[in-house]
1. Of C:Asp71, D:Asp11, which has the most accessible area and how do the rest follow, probe 1.4 Å?
2. Which order do D:His65, C:His62 take when ranked by solvent-accessible area (1.4 Å probe, heavy atoms of all protein chains), largest first?
3. Using a Gaussian network for chain A with springs between C-alpha atoms less than 10 Å apart, which of these wobbles most: A:Leu179, A:Leu43, A:Leu87?
4. If N is the number of residues in the range A:1-101, what value comes out of its Cα radius of gyration divided by 2.2 N^0.38 Å?
5. Quick one: order C:Leu75, C:Leu44 from most to least accessible surface, probe 1.4 Å.
6. Please compare each pair in A:Lys2/B:Lys2; A:Lys145/D:Lys2; D:Lys2/D:Lys26 to a cut-off of 30 Å on the Cα-Cα distance and tell me which ones are over it.
7. Please report the net charge: other residues with Cβ closer than 12 Å to the Cβ of C:Ile17, K and R +1, D and E -1.
8. Name the residues of the range A:91-115 whose accessible area, probed at 1.4 Å, falls by at least 40 Å² once all protein chains are in place instead of their chain on its own?
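The values are calculated or read from the model by the stated rules, or taken from the named source; none is laboratory data. Since the model is a prediction, treat every value here as computed from it, not as a measurement. Cβ placement follows ideal geometry from the backbone for every residue including glycine, while neighbour counts extend to all protein chains displayed. Each accessible area value is taken on the protein alone, full model and side chains, heavy atoms only, with ligands, DNA and RNA left out. Shrake-Rupley method; radii C 1.70, N 1.55, O 1.52, S 1.80 Å.
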Number of protein chains: 4
Amino acid sequence: MKTGRLEAFTDGVVAIIITIMVLELKVPHGGDLSGLAGGAPVLLAYLLSFINVGLYWNNHHHMLHATDRIDGRVLWANLFLLFWLSLVPFVIRWLDDSGFAAGATAAYGIVLGMASIGYELTERAIIACNGPQSPVARAIKHDWKGWGSIAIYCVAVPLAYVSRWIAIALYICVVALWLIPDRRIARELDRDV
Amino acid sequence: MKTGRLEAFTDGVVAIIITIMVLELKVPHGGDLSGLAGGAPVLLAYLLSFINVGLYWNNHHHMLHATDRIDGRVLWANLFLLFWLSLVPFVIRWLDDSGFAAGATAAYGIVLGMASIGYELTERAIIACNGPQSPVARAIKHDWKGWGSIAIYCVAVPLAYVSRWIAIALYICVVALWLIPDRRIARELDRDV
Amino acid sequence: MKTGRLEAFTDGVVAIIITIMVLELKVPHGGDLSGLAGGAPVLLAYLLSFINVGLYWNNHHHMLHATDRIDGRVLWANLFLLFWLSLVPFVIRWLDDSGFAAGATAAYGIVLGMASIGYELTERAIIACNGPQSPVARAIKHDWKGWGSIAIYCVAVPLAYVSRWIAIALYICVVALWLIPDRRIARELDRDV
Amino acid sequence: MKTGRLEAFTDGVVAIIITIMVLELKVPHGGDLSGLAGGAPVLLAYLLSFINVGLYWNNHHHMLHATDRIDGRVLWANLFLLFWLSLVPFVIRWLDDSGFAAGATAAYGIVLGMASIGYELTERAIIACNGPQSPVARAIKHDWKGWGSIAIYCVAVPLAYVSRWIAIALYICVVALWLIPDRRIARELDRDV
């Protein structure tokens, strides 16, 4: 099975998720730019989510570029990832409606954490399908960033009940971790050529 | 007529349906995760619909992969399928607003049952266009899963007025039926090569 | 300039229009299927619009398939067509909110009539770009269906103020006119080969 | 890294933005076409935004068509552009809700101005990646339209607090500036062949 249509479907779903999040933002009541100040936390949650979903698109792009073959298990692991990403607009709306309540802040971490697990599952399924000697397998063999993200979300979700700001700071840490460009796959591919 | 643009259009519509369903979910009133408990039935309906639409995408993907030619009848049968799939977000919202009333639960089954019929019609149109000896025709010649799904929906819809939980259990049965991977098309294609 | 990306962009916009229309439908107040009876007119407007947008996709698909070259004028004529198609969800919502008032019924005809004009403009721009001897030009040289549709909308819009049902009957006539398959382009292409 | 998937993702996001803007339009209260008169300003804002987003799609299309290579910096500059474009539906809704208040009118200019900067950043990143002698670099070397747009937005945003109509007139000027077709890239490409 070729990767083309999976890439196209994933790109389509991710493009829609990243765009419909804006429908969940509430406009300020007045007509002043200062009215945006009250909405600043949710605008920052929107920005954080936009970068997060953009990172998934970017990394997914690189991973599938290095992939030769996919099978049914890859399709379902990928659908699991898309399911959790599709809930991002829902938790943004909840954060907004509840004024960043502890439960909604924890839910945000659960959704992003489950998406991280979905990404790992997709990675494992691709390696199982392409074999441990394939370029994609060698390239992602030490995925400490992926496991690190999952660990941080596991810590951040219960901490949301202690302080929402600690949880949010940890969510920002995960994004910062990924913004450092991942040169592993590119390097491995270069080595093969 | 080539299958490329039909695949792209279907993928686009299915990607949008699977993603905008989330706009229909109502967030919990409070800020506690326990507030999700009240919304659990509709979150499960969302999950069930996500898997259902994902299954249509997956099976459609396999079917068109084995298809050489399409004609106007295939285009219209496919549009009939997409029409009923497009109503899935509508019935999820109705289920939520009515608190899983009998009528809304029946409507959910009608929409998914009509989509099943649409899938069968698309399958028949593809066979008519490619001939009974084509790989796709031999691969799907005994489509007992498709007819079984339609039969289950025919039974489940009136039963929704007896008990909504029986209807919902039957809807879950249909999904379980399809989650068993369908190796027929892959097997037939292998035999040809 | 190649037609590939224009086709992809048009398919994307049309797939989104055809899918988000469902977000405009209001669910019945009660939980009974009989509650759908009150919503029957708007469900029929949804069905009519779904077929209309599907027809545009289908005909656009055939036209671009026969097209070799496009230029800036084609891009802008096509964007004009997409602009009016993008207003279809808006007029469906207005029809629903106003209970099929005369003004909203007229607006529905104006939007679809302007889309028809947009389709004609795109057709003219493609002929101007490919020359009068190109396959696409000879294939669509007597586009009586396109001009007929525009004429019917010109008659139907003012008649909406006399009787909304006459206007709606005329809108259904236009769809019926197009559902008769258009074999001209296919025939011309066959003749060339 | 090839441009194909970036084009597809950008097209997807732009197609969704241009289409979901319509969900933000409020239908007239009555059923008369005269009811549209009250909504005329926001319909014009919708039209202006539709043309603006269409221009971005068109110019982006031409620029990437002339581009051979992209890198991580191009991906992030492009995501920055898409982030600001994604806020267009949000500011249209705010304009509508606030009755074209000064703050909302300024916010509209800020969002479009930041999108202009995002387009310039993408242009610079593409030139840095393809080298100053590449076709795309020579073609866009004197991008006075891009810098002119940014300058006009810088002037228009504070003027929104003096008079909203001056700001809106300036926003229309920017669109007019771009509607004059840009033959530079096409000309340079012709020269190379």
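1. Numbers: C:Asp71 55, D:Asp11 15 Å².
Per-residue accessible area, sorted high to low, gives C:Asp71, D:Asp11.
2. Values: D:His65 120, C:His62 65 Å².
The ranking, largest first, comes out as D:His65, C:His62.
3. A:Leu179
4. Details: Rg = 16.8 Å, N = 101, 2.2 N^0.38 = 12.7 Å.
Dividing the Cα Rg of the range A:1-101 by 2.2 N^0.38 Å gives 1.32.
5. On the way: C:Leu75 10, C:Leu44 110 Å².
Largest accessible area first, the residues go C:Leu44, C:Leu75.
6. Numbers: A:Lys2/B:Lys2 18 Å; A:Lys145/D:Lys2 25 Å; D:Lys2/D:Lys26 41 Å.
As for pairs spanning more than 30 Å Cα to Cα, those are D:Lys2/D:Lys26.
7. Net charge in that neighbourhood comes out at -2.
8. A:Arg93, A:Trp94
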